[in-house]
Amino acid sequence: MIIFHGDQVELARVMKEEVKKDLKNCLEEAQQYFRTVSGPKLTLVIDGKCLMYALDPSLRVMLLNLSLNCTSVVCCRVSPLQKAQVTSLVKKGARKITLSIGDGANDVSMIQAAHVGVGISGLEGMQAVMASDFAIAQFRFLSDLLLVHGRWSYLRICKVVTYFFYKNLTFTLTQFWFTFQTGFSGQRFYDDWFQSLYNVMFTSLPVIIYGLLEKDVSASLSKKYPQLYMEGIRNSFFRWRVVAAWAFSAIYQSLIFYHFVTTSSLTGQNSSGRTFGLWDVSTVAFTCVVVTVNLRLLMMCNSITRWHYVSVGGSILAWFVFVFVYSLIRENILYVIYVVMSTFYFYLAFLLVPTVALLLDFIRQGVQRWFFPYDYQIVQEIHRHEPDDNTRAGALEISNHLTADEARSFAISQLPRETSRHTGFAFDSPGYESFFASQQGVYAPQKAWDVVRRASMRSKLKAPPLPPKK
Amino acid sequence: MSSSTAPSSSVAAGSADPSGARRNSKRPKYSRFTQQELPACKPILTPRWVISAFMLVSIVFIPIGVASLFASRDVVEIIDRYDTECIPVDARNDKVKYIQTPGNKTCTRNITVTKQMKRPIYVYYQLDNFYQNHRRYVKSRSDSQLRSNSSANAVSDCKPEDYSNGQVIVPCGLIAWSLFNDTYSFSRSGQQLAVNKRGISWKSDREHKFGKDVFPRNFQNGTLIGGARLNESIPLSEQEDLIVWMRTAALPTFRKLYGKIEEDLQVNDVIQVTLGNNYNTYSFSGKKKLVLSTTSWLGGKNDFLGIAYLTVGGLCFFLAMVFTIVYLVKPRQLGDPSYLSWNRNPGWQ
């Protein structure tokens, strides 16, 4: 037993050496375990006092290596600052995405240090919630947040972004091919209001509905197959390959739109032998673009609600209503749509062009689903015959089948909660004596205020337990 | 917040909220839309659907393609390029000079009919390498001026063909100024074939775009003559050549309707065309062609739609066969858990 009086610097140095030795031993032991193929799962347990020395810049790397080799790490009795330091260590050293969850004011720095901070609102107050990116009501909602909503959000964001680029690329490239045949003079292929309203009126609502409501598998299946989360970690839906496929599809479709429509407009267009002008041809092409782009969205939906039908149908209808009204008003394309729709050619082109444009995507989807299926697609197929169990009525059915464990935890959660007079912060100060240090036979001198505080607590503990008074 | 945490939320919902006394629930109001529980259709693109879709497309498209191709094959079209031939041999060194010198420039061509053509037979002129879709050209017109006499002075976009000798030009702009002015007249074995020049423009143009009270004024009065002159006593709504010309074409190779011949033409008829070769396409190496064509319900002779439909129908049929063969040779059972990535590579993280 070694007791030091007074010399804090020397004490710190000795402590650091001890911790370093310990860490080294543990690291070697862990690596030895790792060399055996089916080694046991390792856990690192470290407390605040030790962490104070282990987070020293010279030892930090070793601590990180050791932690990354273990399945889990438990840090107890840590101060808020150390929580933040450990989080930053993993964030910067291991280059992983970190999530931290906490409910008290002592967790605020940790929540802010991590990539994703989750705060639990409740008895400890709202400080954690105010500092966090996501707030949940109970700790068990974390699994829903990650596995259900996090996963859906990733899928939705990827698809919405790639679809947006695709639809604008298709539309713009059609104009681009036209420039080759105008002597590069910059003449627009479409009327200006068509272009302005394309993104506002004719193609915006379906993609919004998609981003709100798209689900690849239902919530209960997402939790039943947590490995589906790996698709987000692997970034399967936003690789360069995926983006390139969308871009190629856009180029192909724009070529179809432009060439199919203009090539077939050289001669007279109906039995009266009259010919089309520039605005007639571009109105036909624009109609095909709007219809194709909206149908493409329906093709990529995994779950189609009535709002999808309403928005897609509504957008196409909005285009027709707009052009019927617009061609009565606007001078240069006066009556164009009526002229165009009086020919058989328009209806044949309207059937042919979107079909050919979507053919490539259809083939690609069929082949991809068959030969290279994603995990969520297999899960969809496994559970394809089950009805939607996500309604409240269905949930009531499930509640009758609780396991004993679930019933017990449910009963506990129904008990009246006690408000604790001791907040978490009180136990986190590093002035509190380290259990592990005392195991090694190293004691720190007690501080005066610490002695007084613990004396007052001890007297409370020794009194018989009274019923809690609010 | 989450509806799928079943036990506590459902009991609370089911039993007339007794826990209201215990805990004030802050759960937001339930709605199917906000909880994302809307009833949905979850289509799965099974091989059966893929093959059925391809078969449906081929069944619908192949007959349409055949019908379109037959319609196009029924159309008889004769094209005659005359721009080089119609210049006298001794002037062919400097074609531009020839076309710009005033004088009589008639030329006679003979066209032999290869197949019987039923009336009405449509006469077109086709121009190649003429960019009616050039930006400055398309801009150079004034639709409000064309429509009504009261806006005769709205000539802002028409430069340089807006004013001439201080007076406003009606119709203004480069499009009207460059009006095509070759003329054609047809005769068969000495007998004149009448060319009907009414109804060659779209009805909506005649009625709504070109006004009945607008008369040409001060037209082609400048130093540079671009094309045809207009009769100042006929209102614009009846000047069908102008109306047809002003519907600017989409591509640099285009056809415009000149008139209709209301007689049948038999096989081996020789048609004499007396044409006035006035229009200058020689400065930019453009080509001029005279086209005689019948029409079908689909329009003129354009095999493209028919061929496209047949190709797509055939391709879909071929793909349906290929997919069926692959389905039989290398089937994948629907919902086979061995395809899950964590079952395929068990030790993989």
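Work out from phi, with θ = phi - 60° and the Karplus expression 6.51 cos²θ - 1.76 cosθ + 1.60, the ³J(HN,Hα) of each residue of the range A:323-333, listed in order in whole Hz, and give x for Gly and Pro.
Result, ordered by residue: 6, 5, 6, 5, 6, 8, 9, 7, 5, 6, 10 Hz.
Give the carbon-plus-sulfur fraction of the accessible surface of the range B:76-294 in %, rounded to a whole number; probe 1.4 Å, heavy atoms of protein chains only.
On the way: 4550 of 9930 Å².
That share works out to 46 percent.
With a 1.4 Å probe, what is the total accessible area buried between chains B and A, in Å² rounded to the nearest 100?
Values: alone 22000 and 28650 Å², together 41930 Å².
Separately minus together, B and A give about 8700 Å² buried.
Taking the Cβ of residue A:270 as the centre, find all other residues whose Cβ is under 13 Å away and add up their charges (Lys, Arg: +1; Asp, Glu: -1). Walk me through the intermediate numbers first.
Details: positive: A:274, B:203; negative: A:280.
Taking every Cβ under 13 Å from that of residue A:270, the sum is +1.
Suppose each label sits 7 Å from its Cα in the direction of the beta carbon; what would the residue B:187-residue B:278 distance come out to in nanometres?
The modelled label-to-label distance comes out at 2.0 nm.
Over the Cα atoms of the range B:142-219, Rg to Rh with Kirkwood Rh, two decimal places? Don't skip to the answer; put the middle values down first.
Details: Rg = 16.2 Å, Rh = 14.5 Å.
Using only Cα positions, Rg/Rh for the range B:142-219 is 1.11.
So, in nm, how far is label residue A:41 from label residue A:204 when the simple model puts each one 7 Å beyond its Cα toward the Cβ?
With each label placed 7 Å out from Cα toward Cβ, I get 5.0 nm.
Go ahead and estimate [θ] at 222 nm for the protein assembly as shown from helices alone: -39,500 (n - 2.57) per DSSP H run with n ≥ 4, summed, over the residue count, rounded to 500. Write out the running numbers ahead of the final one.
Values: 30 runs with 369 residues, N = 819.
-14000 deg cm²/dmol, from helical runs alone.
Put a dot 7 Å past each Cα toward the Cβ at residue B:328 and residue A:328; how far apart are the dots in nm?
5.8 nm
Could you tell me the center-to-center distance, by alpha carbons, between the range A:124-167 and the range A:198-264 in angstrom?
Using only Cα atoms to place each centre, the spacing works out to 20 Å.
Taking the 0 to 90 degree range and rounding to the nearest ten, how far is the long axis of helix B:303-329 tilted relative to the main principal axis of chain B, both from C-alpha atoms?
Once rounded, one gets 20 degrees.
What accessible area per residue comes out for the range A:146-382, rounded to a whole number of Å², with a 1.4 Å probe? Walk me through the numbers on the way to the answer.
On the way: 8580 Å² over 237 residues.
Here the per-residue accessible area is 36 Å².
Output wanted: per-residue J couplings in Hz (rounded whole) for the range A:129-138, from phi through Karplus 6.51 cos²θ - 1.76 cosθ + 1.60, θ = phi - 60°, x for Gly and Pro.
Ordered by residue, 3J(HN,Hα) equals 5, 5, 8, 9, 7, 10, 10, 10, 8, 9 Hz.
Let me know the charge dipole size of the range B:76-294 about its Cα centre in debye, to the nearest 20, where only the beta-carbon of Lys, Arg (+1) and Asp, Glu (-1) is charged. Display every interim value, and only then the final one.
Details: 31 positive and 23 negative charges, 72 e Å.
In debye, rounded to 20, the range B:76-294 gives about 340.
Taking θ as phi - 60°, what are the ³J(HN,Hα) couplings along the range A:102-109 by the Karplus curve (6.51, -1.76, 1.60), each to the nearest whole Hz, with x for Gly and Pro?
Karplus-based 3J(HN,Hα) across the range A:102-109 equals x, 10, x, 5, 6, 8, 4, 5 Hz.
Where does the charge balance sit around residue B:179 when Lys and Arg score +1, Asp and Glu -1, over other residues with C-beta under 10 Å from its C-beta? Provide the component values of the computation, followed by the final result.
Working: positive: B:229; negative: B:241.
With Lys, Arg at +1 and Asp, Glu at -1, the net is 0.
Taking the Cβ-Cβ separation of residue A:139 and residue B:32 as r and a Förster radius of 25 Å, what is the calculated FRET efficiency to the nearest 0.05?
On the way: r = 27 Å, r/R0 = 1.08.
So the FRET efficiency works out to roughly 0.40.
Which net charge results for the neighbourhood of residue A:131, defined as the other residues with beta-carbon distances under 13 angstrom from its beta-carbon, given Lys and Arg at +1 and Asp and Glu at -1? It would help to have the intermediate numbers written out before the result.
On the way: positive: A:83; negative: A:103, A:107, A:124, A:133.
Result for the neighbourhood of residue A:131: -3.
Report the Cys residues of the protein assembly as shown lacking a disulfide-compatible partner, meaning no second Cys Cβ under 4.7 Å from their Cβ.
A:26, A:50, A:70, A:75, A:76, A:158, A:288, A:301, B:41, B:316
Let me cross-check residue B:297: its accessible surface, 1.4 Å probe, with only protein heavy atoms counted, in Å² to the nearest 10?
110 Å²
Could you check how much of the accessible area of the range A:146-382 is carbon and sulfur, as a whole percent, using a 1.4 Å probe? Provide the component values of the computation, followed by the final result.
Details: 6280 of 8580 Å².
Ligands and nucleic acids excluded, carbon and sulfur give 73 percent.
Expected output is a single nm value to one decimal: the length gained when fully extending between residue A:341 and residue A:97, i.e. 0.36 nm times separation in residues minus the C-alpha distance. What is it?
Working: separation 244, 0.36 × 244 = 87.84 nm, distance 5.60 nm.
That works out to 82.2 nm of additional length.
Report the extension gain between residue A:259 and residue A:230 in nm, rounded to one decimal, defined as 0.36 nm multiplied by the number of residues separating them, less their alpha carbon distance.
On the way: separation 29, 0.36 × 29 = 10.44 nm, distance 4.25 nm.
Taking residue A:259 through residue A:230 to full extension adds about 6.2 nm, to one decimal.
The values are calculated or read from the model by the stated rules, or taken from the named source; none is laboratory data. Given the structure is predicted, the values throughout are model-derived calculations rather than measurements. Heads up, the Cβs are rebuilt from the backbone with ideal geometry, glycines too, and the neighbour counts pull from every protein chain shown. We work out accessible area using only protein heavy atoms, side chains counted, and drop any ligands, DNA or RNA first. Shrake-Rupley method; radii C 1.70, N 1.55, O 1.52, S 1.80 Å.
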